[in-house]
Amino acid sequence: MSELIVAHRYAKSLLDLAIEKKVVEDVYRDMVSFQETCQNSKELVLAFKSPIIKHGTKMTILSKLFKDKFHAVSYSIFEIITRKNREQFLPAIAKQFIELYTSYNGIQKADVVTSSALTEEQRNQVIAIVKEYSGKDVQLHESIDESLIGGFILRVGDKQVDDSIRRKLNDLKVSFAS
């Protein structure tokens, strides 16, 4: 079974439990914190994936790092996953939970890449366009790539709009080569 399918099933169960216990926001904060920890510590992720490290040791690591900081519902997923010897899926479960949370709360994630920082007016225009497209509140992630020269690349879900000068120059180059 693929990692995505396994992660989605556990994340969905965790979201359902969090909704039932009325602790969705707490669990969301914990999963964001866990995901950030995994992104900042590749060693931790490698330890989860290692067949050499015993499951009890992995549970001890999780306990020392998160038991006192995380809500009991959040921490319970670590215990369940470790008992089932599936620790390697924990980072993917956190990521899936965050995606399910945004969907549950009617939030549309969007990524915009520009050659320079957006002004407040430009940011509001992008948010308005995405909101009109999706009908949801927008969580915008901005990044800068100076190689775009100008313009932007906007990603919403599985859709992408590339209106960068770099792409236009590449298109022009291809048309001249034909």
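The values are calculated or read from the model by the stated rules, or taken from the named source; none is laboratory data. If you're wondering where the values come from, they're calculated on a predicted model, not measured in any experiment. Don't worry about glycine lacking a Cβ; one is built from the backbone with ideal geometry, like all the others, and counts go over all protein chains shown. These area figures cover heavy atoms from the full protein model, side chains too; ligands, DNA and RNA do not enter into them. Shrake-Rupley method; radii C 1.70, N 1.55, O 1.52, S 1.80 Å.
Determine the share of the chain's accessible area contributed by carbon and sulfur atoms, expressed in whole percent, with a 1.4 angstrom probe.
Roughly 54 percent of what the probe reaches on the chain is carbon or sulfur.
Need the full-extension length gain, residue 25 to residue 50, defined as separation in residues times 0.36 nm minus the C-alpha distance. One decimal, nm.
Difference between extended and current length: 5.9 nm.
Using θ = phi - 60° and the Karplus relation 6.51 cos²θ - 1.76 cosθ + 1.60, list the HN-Hα couplings for the range 155-167 in order, rounded to whole Hz, with x at every Gly or Pro.
10, 10, x, 9, 9, 9, 10, 10, 10, 8, 5, 4, 5
By the gyration tensor of its Cα atoms, with a ≥ b ≥ c the square roots of the eigenvalues, what is the shape of the range 4-49: rounded for a/c under 1.5, prolate for a/b over b/c, or oblate?
Cα axes put the range 4-49 in the oblate bin.
Kindly provide the trypsin sites (Lys or Arg not before Pro) of the range 53-115 that DSSP labels as loop, not H, G, I, E or B, and whose Cβ sees at most 10 other Cβ atoms within 10 Å.
54
How far apart, in nanometres, would the label points at residue 43 and residue 120 be if each is projected 7 angstrom from Cα along the Cα-to-Cβ direction?
About 4.4 nm separates the two model spin labels.
Students often get this wrong, so try it: which of (i) 1.02; (ii) 1.29; (iii) 1.64 is Cα Rg over 2.2 N^0.38 Å as calculated from the structure shown?
The listed entry that was calculated here is (ii).
Nearest 10 degrees is fine. How inclined is helix 24-40 to the longest principal axis of the chain, computing both from alpha carbons?
Taking the Cα atoms of the chain, the angle to 24-40 is about 80 degrees.
Please give every one of the lysines within straight-line cross-link reach of residue 42, meaning a C-alpha to C-alpha distance under 24 Å, and leave out same-chain neighbours fewer than 8 residues apart.
54, 58, 64, 67, 69, 84, 95
May I ask you to derive the FRET efficiency for residue 67 and residue 102 from their Cβ-Cβ distance with R0 = 25 Å, giving the value to the nearest 0.05?
Plugging the Cβ-Cβ distance into 1/(1 + (r/R0)^6) gives 0.40.
Calculate the FRET efficiency for residue 12 and residue 171 from the Cβ-Cβ distance with a Förster distance of 41 Å, rounded to the nearest 0.05.
0.50
How many nm is it between the label spots at residue 149 and residue 84, if each spot is 7 Å from the Cα in line with the beta carbon?
5.1
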